[in-house]
Amino acid sequence: RRVRLGAAKGPDEIGVDMVSGASITSLVFNDSILRSARLVGRARGVLGGGAAGAGQGDLDLETFREADWPALLAEGSLRRLRLTNAEAAAAFAGTGKSPGVEGGATPDPDQVFIDIHTALATPAAIGQNLLGFADFNALKAKLEPGAQVIFVAGSGFYSFRGYTYRKTGVFDRLQLVQGGKTLRLKKDMHSRVQKLRIAGAPEFREASLFVLPPGTGFDGARPWRLEVLVERSTPAGSPEYAGFSLNYEIPAVYVRGATTGGAATVIDEDLAKPLWLIRWGERIPHIVFLSLTLAVLVAILFFQDAVARRRGLLDRLRLGFMVFTLVYIGWIANIQLSVINVLTFVNSMRTGFRWDFFLLEPLIFILWSFVAVALIFWGRGVFCGWLCPFGALQELLNRAAVALKVPQLTIPFGVNERIWPLKYVIFLGLFALSLGTTGMVVMFAEVEPFKTSITLKFVRAWPFVFYAVLVLAASLFVKRVFCRYLCPLGASLAMPGKNHMFDWLKRRPQCGTECHMCAHQCPVQAIHPNGRINPHECIYCLECQRLYYDDHKCPPMLARRKRREERARLRQRKPPVAEAGQ
């Protein structure tokens, strides 16, 4: 039965609800334990094999038993084709030239022309014996589900690799045939075997692995043959080819029988699918809902001028979006982004990037992808001002405080400008720690109260709750105090955020000279006294744009409206032309 973290979705599942606030970690643990248990169960016959005719599902890929080279040859796991010069030349009888020999030289007929061995290296009992434990498992970790590995090694005069594949990308001396299908072996399938780890192996001139992706349709449980193509030149100068076949059929010991029930089929399906693909299928409703919401936000940003012109519309949209961000993105979907995500991404670029790890949580992946695009177009403010649940919680609490007449603390701009670099110092400190052990980073990343207030909803040890409540209490008196001075995630997004493509926040010549209203109204004091908007601090709340179009508050707009109204009054009071003549 499938074990699911969270509530079971049917009688065939077991629900386990015991890990909170570490969704990706618990998913990986759960998947690793269950896959390991199923592999052991299948290898020991407890669960049975795959369904008959299921392709790779018929193969026993997990069972390992140590064997040397002669043992694999004896059981048929390794197959061999040995040709002397005389045997190769016989394929070109009557042509006057031996294959591969230029200038008409006559080689020793008993000399080995090619001695080639092949095997299906996907099963552990074959591949691990050939390559060794470490190399085989490193290879398996990179394989797509359903991929197969063919081992080829050769010695003698004739090279099965040849040389032209480096330019053409195709091995013209080898091809694989199964049924009526011929597979050309390509350069991107190939990797060299530096050293065979199996005991008793002869010395080879060359050894290779060819990885056949699942899209090729190759079935390792069915017979196949490796064809070695030998080329020679005719007296007329045109090429001729002869093919030599090496037939292969996996020994019966590696093929399982039919299953005894439907449970093993479900297990096979689980093992065939990567965990991230299963997770995306389970989260489709949330994926669609989040995607539609992000599309609405994009519409607001693209039509921000039309929204900002309507005084009440922007405020209602923003209030509704803050509630949605806090309740759905934060408390329901649990997709509060964190500086840990940034440090994990940077560390993966340094130690080995794997997409499947980041795809494990689809909602976080979608939100991060959107944030990355928004950074390019608009800068850091789109996430911080619209999509951060903790930022939304601070803003909603401050709105409530203002409505209740709680006095607001205004920090002088000079002081504010000297405090806001603190979050950059915190981020750089966390980044330095991330270059060492992860434990230290996780501990010091608690400077973000996100996990306590959003992911765990304050159900946590009292020191964490006290810190989160302290930060939120400060936000009652200073708008978004944590975002402005302490947030390492905001700092990490702000660093590349200055180089955004769109500069749609409009300013007037009077901004910072005759008028400072926007600077006073900005909730995070991102507008300098000279009227310049600091893109590193702006949360793209559009408050300055609402004032920009407000002809009742913006002094230039107010003066323009009064002049327009005065002209209208003068036109109404001016007498008709005929009466003035009389």
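The values are calculated or read from the model by the stated rules, or taken from the named source; none is laboratory data. Predicted model, so just to flag it, every value in this text is computed and none were measured. Don't worry about glycine lacking a Cβ; one is built from the backbone with ideal geometry, like all the others, and counts go over all protein chains shown. All accessible areas refer to the heavy atoms of the entire protein, side chains included, with ligands and DNA or RNA removed. Shrake-Rupley method; radii C 1.70, N 1.55, O 1.52, S 1.80 Å.
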| Of the numbered conditions (1) closer than 23 Å to Ala473 by Cα; (2) out of contact with any Pro (no Cβ under 6 Å at 6 or more places or on another chain); (3) of a type in the set (Val, Ile, Thr); (4) assigned to a helix (DSSP H, G or I), Val406 satisfies every one except a single condition; which is it? | (4)
| Based on what the data block shows, is Cys515 touching a Leu at 6+ places or on another chain (Cβ under 6 Å), at pLDDT below 90 and surrounded by 16 or more Cβ atoms within 10 Å (Cβ to Cβ)? | no
| Odd one out for Glu282, checked against (1) buried (at least 18 other Cβ atoms within 10 Å of the Cβ); (2) closer than 17 Å to Ile335 by Cα; (3) modelled with pLDDT under 90 | (1)
| said: I want to confirm something. Restricting to the range 527-553 and keeping residues that are open to solvent by less than 30 Å² (accessible area, probe 1.4 Å) and touching a strand residue (DSSP E or B) at 6+ places or on another chain (Cβ under 6 Å), which single residue is nearest to Leu476 (Cα to Cα)? | reply: Ile527
| message | Here are the criteria: (1) open to solvent by 30 Å² or more (accessible area, probe 1.4 Å); (2) out of contact with any Pro (no Cβ under 9 Å at 6 or more places or on another chain). Tell me which single one Phe413 does not satisfy. | response | (2)
| said: For the range 213-241, give me each residue that is open to solvent by less than 60 Å² (accessible area, probe 1.4 Å), modelled with pLDDT under 85 and in contact with a strand residue (DSSP E or B) (Cβ under 7 Å, 6 or more places away or on another chain). | reply: Arg232, Ser233, Thr234
| field | Test: Phe324 is open to solvent by 10 Å² or more (accessible area, probe 1.4 Å), at pLDDT 95 or above, on the phi < 0 side of the Ramachandran plot and part of a helix (DSSP H, G or I) | value | yes
| message | What pairs come out if I take residues in the range 312-326 that are free of Cβ contacts under 8 Å to residues at least 12 places away in the same chain and pair them with residues that are open to solvent by 40 Å² or more (accessible area, probe 1.4 Å) whose C-beta lies under 9 Å away, six or more apart or interchain? | response | Leu313/Ala306
| How many of the residues making up the range 416-456 are open to solvent by 30 Å² or more (accessible area, probe 1.4 Å), touching a Leu at 6+ places or on another chain (Cβ under 7 Å) and of a type outside the set (Val, Ile, Thr)? | 4
| query | Among the candidates Gln394, Gln336, which residue alone is in contact with a Phe, Trp or Tyr (Cβ under 7 Å, 6 or more places away or on another chain), closer than 26 Å to Phe458 by Cα, modelled with pLDDT under 95 and surrounded by 21 or more Cβ atoms within 10 Å (Cβ to Cβ)? | reply | Gln336
| request: Please work out which one of (1) in contact (Cβ under 8 Å) with a residue 24 or more places away in the chain; (2) open to solvent by 20 Å² or more (accessible area, probe 1.4 Å); (3) farther than 22 Å from Cys541 by Cα is the condition Tyr467 fails and give its number. | output: (1)
| field | Residue selected from the range 63-83 under the condition open to solvent by less than 20 Å² (accessible area, probe 1.4 Å) and part of a strand (DSSP E or B), by the criterion farthest from Asn129 (Cα to Cα) | value | Leu83
| Residue list for the range 155-166, filter: at pLDDT 90 or above and farther than 19 Å from Pro239 by Cα | Ser155, Gly156
| request: Give the residue that is farthest from the chain's Cα centre (by Cα), with candidates limited to residues of the range 106-142 that are among the acidic types (Asp, Glu) and outside any loop (DSSP other than H, G, I, E, B). | output: Asp115
| remark: The residue that is nearest to Arg283 (Cα to Cα), considering only those in the range 364-373 that are open to solvent by less than 60 Å² (accessible area, probe 1.4 Å), without any contact (Cβ under 8 Å) to a residue 12 or more places away in the chain and not hydroxyl-bearing (Ser, Thr, Tyr), is Phe365
| query | Which ones in the range 115-146 are under 22 Å from Glu203 (Cα atoms) and among the β-branched types (Val, Ile, Thr)? | reply | Ile116, Thr118, Ile126
| remark: Taking the range 342-363 and keeping only residues that are closer than 23 Å to Leu387 by Cβ and open to solvent by 30 Å² or more (accessible area, probe 1.4 Å), one is left with Thr344, Phe345, Val346, Trp355, Phe357, Phe358
| request: Could you check how many residues of the range 411-434 are in contact (Cβ under 8 Å) with a residue 12 or more places away in the chain and not in a helix (DSSP H, G or I)? | output: 2
| task | Please state which one of Gly312, Gly330 is modelled with pLDDT under 90 and over 17 Å from the mean Cα position of the chain (by Cα). | result | Gly312
